[in-house]
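Okay, structure first, notes after.
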Amino acid sequence: MTASPAASSLPDLPEPGGLCAIHQPNLFPRLATLAKLFAADYWIVLDDVQFARRDYQHRARLGALDAPSRRQWLTVPTRLPQGRPTLVRDALIVDSGRARRKTMGMLRQYYGAGPHWSALAELLDGVLDAFDTGRIAAVATVSTRLLLDSLGWQGQVLISSDLPSRPGRSQRLADLCAVTGARAYACGTGGVTYLDPAPFAAEGIAVMPFQPPTTGIWSSSRRLSALSAVTELGPRDVAARMRRLVSDQGLLLSTA
């Protein structure tokens, strides 16, 4: 398929092509992050990089529907068994039962009166069950996957720690994309600043910048959890807006 150490025996991979996104598991991700994953045919969960405190791996910023300026962090207390070098996949939830109850309480407080709360509450059941694993990566990944499912996403999720790749930030991302056979990589605004396009070019993979607009529901898309938009507008409306965004960005949405 390519010259990279891409696995040739991965099951259930379709013919080469499509768009790949690579992103760490985020707890109830921001709307901009969710839109990037929605645009992709593959989401590779980057679980074997260093956990970053005060990032979105274990917390989400909620916004009250009746008062958009009222915002609060939802944080799942997390313990790092290996200290600062702990990988995302190894980070543990402190008191899973209490964290689960607090999470549900805050979400109900902020979104319980929303017009589409019933759809969100059904989705949350699966997220709350993931607290039983005791691992924040599992909860964050499930929270993202179930949001994507609610929007009708038909892509495939892979885990970076299960896939072969070479060292080097850009080289590794290119190798992970090559495993899927993707022909394009969806890159957010932050990634563009450090990405070396050479490894991607060597694999025949195009780098496609992805940047939502700054008006309408997208005005707070890089700050607030996607839960705000999904609860207020409903999954069908949000999915339609994401499809229009993907079309405007010139990205191929082949499976969603």
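The values are calculated or read from the model by the stated rules, or taken from the named source; none is laboratory data. Fair warning: this is a prediction, and the values are worked out from it, not measured in the lab. Note: ideal-geometry Cβ built from the backbone for every residue, glycine included; neighbour counts use all protein chains shown. When the accessible area is computed, the model is the full protein with side chains, heavy atoms only, and any ligands, DNA or RNA have been set aside. Shrake-Rupley method; radii C 1.70, N 1.55, O 1.52, S 1.80 Å.
Look at (1) farther than 27 Å from ARG61 by Cβ; (2) surrounded by 20 or more Cβ atoms within 10 Å (Cβ to Cβ) and you find that ALA186 fails only one, number (1). Residues of region 71-89 being open to solvent by less than 50 Å² (accessible area, probe 1.4 Å) and either closer than 11 Å to GLY134 by Cβ or in contact (Cβ under 8 Å) with a residue 40 or more places away in the chain (or both), which ones? LEU74, VAL76, THR78, LEU87, VAL88 - these are the residues of region 71-89 that are open to solvent by less than 50 Å² (accessible area, probe 1.4 Å) and either closer than 11 Å to GLY134 by Cβ or in contact (Cβ under 8 Å) with a residue 40 or more places away in the chain (or both). The residue list THR231, THR214 contains one member that is within 30 Å of ARG108 (Cα to Cα), polar (S, T, N, Q) and assigned to a loop (DSSP other than H, G, I, E, B), which is THR214. In region 109-133, of all residues being among the charged types (D, E, K, R) and either modelled with pLDDT of 95 or more or farther than 16 Å from LEU27 by Cα (or both), the one that is most open to solvent (accessible area, probe 1.4 Å) corresponds to GLU122. Taking region 108-162, which residues are out of contact with any Asp or Glu (no Cβ under 9 Å at 6 or more places or on another chain) and not in a helix (DSSP H, G or I)? If the condition is that a residue be out of contact with any Asp or Glu (no Cβ under 9 Å at 6 or more places or on another chain) and not in a helix (DSSP H, G or I), then GLY112, GLY134, LEU151, GLY152, TRP153, VAL157, LEU158 are the ones that fit. A single member of SER220, SER150, SER165 is open to solvent by less than 50 Å² (accessible area, probe 1.4 Å) and more than 20 Å from VAL238 (Cβ to Cβ), and it is SER165. Checking the structure you have, find out if any residue of region 36-48 is open to solvent by less than 50 Å² (accessible area, probe 1.4 Å), assigned to a loop (DSSP other than H, G, I, E, B), touching a residue at least 12 places away in the same chain (Cβ under 8 Å) and not acidic (Asp, Glu). Yes.
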